[in-house]
Amino acid sequence: MKVFTHYTKLGSTSDGIRWRTILKFGNSWEVKGSVVMKNPGAANFKRPDHAAINSPEELKQLSVFDDGELRADWYEFSSDPTMECIGRLFSEYYAAKGELLEGVIQIFNLFYLREANLITALNKVSQLNLANMVDYDVQHLTFPVYLGFADLAWHKTYGIVARSKCYYNYTNQDAPNEYLYRDILSDYGFDTEKNIGNNVWLARKAFKEYGSDEQDVTRNILEELKNLRNRFNHMKIVGNNNNHMNKKIYFAGSIRGGRGDAYLYQRMIDYIKQTDTVLTEHIGKTNMSLKAQTKAIDIHIYERDIEWLKQSDMVIAECTCPSLGVGYELAYAEAHNIPVYIFYDKSNANISAMLNGNEYFNIIPYESENEIYHNLDNILHC
């Protein structure tokens with residue numbers, strides 16, 4: 001990773017203004033994303049003599065970030081811990097898409113005084129007449145955009161810039177079906193109260209919910225973003241594929257065999273229900289009683305479930321947790337020519353040879369929950 005930035009020293013002090021910083025990965029100069037942070041941190045000059053960049057080729061490439069203007073105040077800087085984190089975040093983002101991060105990540109700031117300590121920076125900048133984030137920066141934000149200014153969103157000076165220029169420019173405040181987005185986010189533990197953050201944020205969630213160290217937090221956020229992206233994309237499909245809606249789905253999952261995957265069943269059922277009917281949505285209830293029932297009740301359950309199987313257009317089963325009942329349901333579906341799709345987590349379970357060896361069944365192993373929703377889209381909307 002190489003770091004290029006504009007820099008202007010403030011008088012005889014060690015303070016300076018650093019703006020329009022770019023992180024370059026590999027040989028490409030294509031912009032691959034943007035970040036809006038609070039203010040520049042501890043990164044310093046790469047060259048001991050603090051000399052500006054004088055390579056004509058590099059200055060020509062860098063002029064693109066000044067609308068073609070060749071400027072002499074571009075410098076190469078060393079990276080700081082925050083930049084390293086940004087690099088890892090975007091590398092993971094593109095790795096999840098099967099791509100290598102090659103290109104430029106732009107860093108913009110709400111204000112541009114270089115100072116690692118935010119309190120010190122705020123005290124200093126209040127005494128100086130310095131420019132804050134400008135419209136040029138906002139207009140040149142390139143997706144994906146990471147907003148990393150945290151509580152400065154409510155600062156009396158910088159909150160207006162953060163909310164009006166960054167947030168509202170890159171979200172649709174009056175988005176149709178906003179309540180559906182909030183419902184999906186609430187499934188993942190987000191606070192979705194309508195008035196949170198003066199109604200700026202669609203939903204919020206604390207970092208502590210993602211883990212205790214940087215690696216856990218990064219990994220869990222990226223995994224959740226993949227799942228959310230699929231849920232949101234699936235919701236868009238609803239509006240564009242009404243002709244595919246209202247299939248009757250028999251969802252099969254373990255009940256008395258074990259309820260360790262009940263929350264996963266619930267999320268899969270909720271996902272399917274956005275476009276189709278799930279006859280057995282009770283399978284996703286997390287408070288279901290596992291106590292043995294009377295013979296009469298079991299007869300009723302058997303007759304009801306068989307009737308649902310007869311009505312169904314297909315069976316979708318999550319078979320990571322083995323279940324005798326699910327095995328019976330799958331065999332019944334095969335005997336009555338009902339299409340069957342079987343999911344299982346291959347990192348946590350081995351599926352029975354009686355299923356895997358049967359060519360009638362469509363076996364779908366997965367390693368991440370994200371893969372489930374991608375495959376469900378293919379199944380339900382093919």
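None of the figures in this text is laboratory data; all of them are computed from the coordinates on show. Source: prediction; values computed, not measured. As a convention, Cβ positions derive from the backbone with ideal geometry for all residues, glycine included, and neighbour counts pool all protein chains shown.
Quick notes on this one:
- Peptide packing for 35-46, 259-270 was compared via the average number of neighbouring C-beta atoms within 10 Å per residue; ordered from the highest value, the list is 35-46, 259-270.
- Less than 5 angstrom separates the built amide H of Thr320 from those of Asp345, all sequence-distant by 5 or more or on a different chain.
- The phi-based Karplus calculation (6.51 cos²θ - 1.76 cosθ + 1.60; θ = phi - 60°) puts the 3J(HN,Hα) values of the stretch 259-266 at 10, x, 9, 4, 5, 5, 4, 4 Hz, whole numbers, x for Gly and Pro.
- For the stretch 27-38, 3J(HN,Hα) per residue [Karplus equation, 6.51 cos²θ - 1.76 cosθ + 1.60, θ = phi - 60°, Hz, x = Gly/Pro]: 9, 7, 10, 5, 6, 10, x, 9, 9, 10, 10, 5
- Mean Cα-pair separation over length for the stretch 242-381, i.e. relative contact order, pairs under 8 Å, 6 or more apart, %: 26 percent
- Computed extension length for Glu334-Leu180: 51.9 nm, one decimal, from 0.36 nm per residue of separation with the Cα-Cα distance subtracted.
- Were the residues from Cys85 through Leu70 laid out at 0.36 nm apart, the gain over their Cα-Cα distance would be 2.4 nm.
- Near Lys32, the amide H atoms lying under 5 Å from its own belong to Val104, Ile105, Gln106; only residues 5 or more places off or on other chains count, and H is placed 1.01 Å from N.
- Between Arg204 and Lys156, full extension at 0.36 nm per residue minus the direct alpha carbon distance yields a gain of 15.2 nm.
- Reach of Lys46 by Cα under 19 Å, taken over aspartates and glutamates that are not fewer than 8 positions away in the same chain: Asp15, Glu57, Glu58, Asp73, Glu76, Asp80, Glu84, Glu115
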